[in-house]
Each structure stands twice: as C-alpha cells, then as structure tokens.
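Take a look at this one; I'll ask things after.
A short reminder: the numbers here are calculations on the coordinates, not readings from a lab. On a predicted model such as this, the values are computed, not experimentally measured, just so you know. Reconstructed Cβ throughout: ideal geometry from the backbone, glycine too, with neighbour counts over all protein chains shown.
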Ligand SMILES: Nc1ncnc2c1ncn2[C@@H]1O[C@H](COP(=O)(O)OP(=O)(O)OP(=O)(O)O)[C@@H](O)[C@H]1O
Ligand SMILES: [Mg+2]
C-alpha cells in the first residue's frame, strides 16, 4: 500500500510557548484508519494542521503524496487531497447557509455551479442531512454543525480525511450514525479522538502523543465491521442506538 504521509522528527512551538511537538514522527498508509490520542494540549490539533500546511514546523520533514512539502505552494495539492475537519466547526463553516458551506469546497476546486449543487445534494444525502440544506449555518446546534463540517469536507471527495475530535459533543445515536458513515467511507482516515469506544470501533491503529512525540498504543480488539453496520441507526436525530458502551476507559 502506498504511503500517503510521512512526517519525520517534527518540532513545533507556538510563539512564547514551550514546544508542542518535539520529534513527532508518523507514517500513514493508504487505506488505514489511524487514531491519534493524547492529553488535552498534547499537540494533536497542531499536528493535523502541520500535515496540511496550516502551520509550519521549525524542524523536521513532511512528505505527503510522495512529495516533500515545505512551502505554502507545496501544500495546495495536499489540501485538495487531504481534507481536515477542524475541532471547532466554527473554524470550518463561514457561509450563510448549509448548502453554501458544503458547495464552497467543490466550487473552490473549480467545479461549475450545477455540478457543485449536485455534489451538495449527494453529500447531504449520504450523511442523512438533506433537511439541513437551507438552514442558516450559525443557527445550527453544535452537533449539527459538526456533521455539516464533515459534509463540507466530504463534498470535496478527498483521498484522506483528517478528523479532529469528530464525535465531540455528539449524542450517542448521532455518534453511532457517524461511526456508520465513517466505517463505510473508502477514504484513509486519521482520527483524533479522546473517546476509546469511538477509536475501538473505527481505528486499525492508535498512536498517543506524549511530550511532543508519537508512540504506538495497543488497540483493543475491533469489532467486525459487519456487526457495526448492522447495529448502527442511520438517523442523526433518531432513537438511541442500543449498542453497549465500554465498561471502562483505559488510560492511553
Ligand atoms: N494559537 C496558539 N497560540 C499559542 N498556543 C497555542 C495555540 N494553539 C494551541 N496552543 C497551545 O499548544 C499546545 C497544543 O495545542 P493543541 O490544540 O494542538 O492540543 P490538542 O492535543 O489538540 O488538545 P485538545 O485535546 O484539548 O484538543 C497547547 O498547550 C495549547 O495551549
Ligand atoms: Mg485539539
């Protein structure tokens, strides 16, 4: 399987702050679903932003889609092929309506308006969000915004999805709905999540960010995906999914 991202010995500090990343290395292979975890403030969101060139490391190398990426121009292709769903949906959504927010990416990629509108319909249908099409984005609830953020990125059909705490603030049925959606996506996934249940359901591999570095973390056994698909409801506003919650949370 081809390597999509290779980060070597990444260092990064925000101005006047201690290092957030201090020798982080990471390889992402096509088709995998990699979970990243670590304490609040460990640097997970920073790492995702470095991967798509929104932040520049002070040292280390980023190779993405077989090319070294250093300058801003190097990352234009990366951002077309790797879609980052931000931790805060308000960083993602800035248009008056849901349809405009979801159309923004496809239009920005050069799609004509009719094709972009088709892509909006298709993506909202895929996520069970068709009824949100004409809603005013800033009037959506936090959980609704989170799903619309995912739609806005999926509408660009990236090769890789980088999801920063995608289940944060979602109720249990909506989380199950999200797991089902993500489990059925063909894309390579990089999932930042504090939720061990969510990680177990989706991730093929987990890395923990501690002291600015990534180390492998044993995954708890993953359930068969046929079981997940059979059990999870497909209605974001629907009834409780009824899947058992984990009995305890093991520290990463
Ligand atoms: N714009 C910024 N300016 C200064 N410091 C920042 C900025 N953004 C983040 N930090 C700091 O950098 C460190 C890493 O932050 P980051 O958001 O990457 O952590 P995280 O692992 O994503 O945390 P969380 O689990 O809470 O989302 C934290 O100490 C944070 O306070
Ligand atoms: Mg974060």
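Within 10 Å of each residue's Cβ, count the other Cβ atoms and sort 94, 75, 12 from fewest upward.
Working: 94 12, 75 19, 12 22.
The most exposed by this proxy come first: 94, 75, 12.
How high is the relative contact order of the chain, given as a whole-number percent (alpha carbon pairs under 8 Å, six or more residues apart)? Write down the numbers at each step before the final one.
Values: 459 pairs, mean separation 62.1, N = 252.
Computed over the chain, the figure is 25 percent.
Taking the number of other C-beta atoms within 10 Å as the exposure measure, put 70, 79 in order starting with the fewest. The partial results should precede the final answer.
Numbers: 70 13, 79 18.
Exposure proxy ranking, most exposed first: 70, 79.
If I stretch the segment between residue 81 and residue 25 completely, what's the gain in nm (0.36 nm per residue apart, minus their alpha carbon distance), one decimal? Walk me through the numbers on the way to the answer.
Details: separation 56, 0.36 × 56 = 20.16 nm, distance 2.06 nm.
So the extension gain works out to 18.1 nm.
For residue 115, project a label point 7 Å along Cα to C-beta. Then give me every residue of region 149-173 with its amide nitrogen under 13 Å of that point.
156-157
Oh, and also: By the gyration tensor of its Cα atoms, with a ≥ b ≥ c the square roots of the eigenvalues, what is the shape of the chain: rounded for a/c under 1.5, prolate for a/b over b/c, or oblate? Intermediate results must be reported in sequence, preceding the final value.
Working: a/c = 1.69, a/b = 1.16, b/c = 1.46.
Note, shape of the chain comes out oblate.
Have a look at the DSSP beta bridges in the chain and tell me what percent are antiparallel, nearest 5.
Numbers: 20 of 37 bridges.
In the chain, approximately 55 percent of DSSP beta bridges are antiparallel ones.
Run the helix sum for the chain: -39,500 (n - 2.57) per DSSP H stretch of 4+ residues, divided by residue count, reported at 222 nm to the nearest 500 deg cm²/dmol.
Values: 9 runs with 83 residues, N = 252.
It lands at -9500 deg cm²/dmol.
Still on this structure, please answer the following. At 0.36 nm per residue, and after removing the present C-alpha to C-alpha distance, how many nm does the segment from residue 9 to residue 122 gain when stretched out fully? List each step's numbers first, then the result.
Working: separation 113, 0.36 × 113 = 40.68 nm, distance 4.00 nm.
Contour length minus the Cα-Cα distance gives 36.7 nm.
Something else now. Return the distance in nm (one decimal) between the two label points of a simple spin-label model at residue 183 and residue 39, each offset 7 Å from Cα along Cα→Cβ.
3.3
Multiplying the sequence separation of residue 73 and residue 171 by 0.36 nm and subtracting their Cα-Cα distance, what value in nm do you get? It would help to have the intermediate numbers written out before the result.
Details: separation 98, 0.36 × 98 = 35.28 nm, distance 3.93 nm.
Contour length minus Cα-Cα distance gives 31.4 nm.
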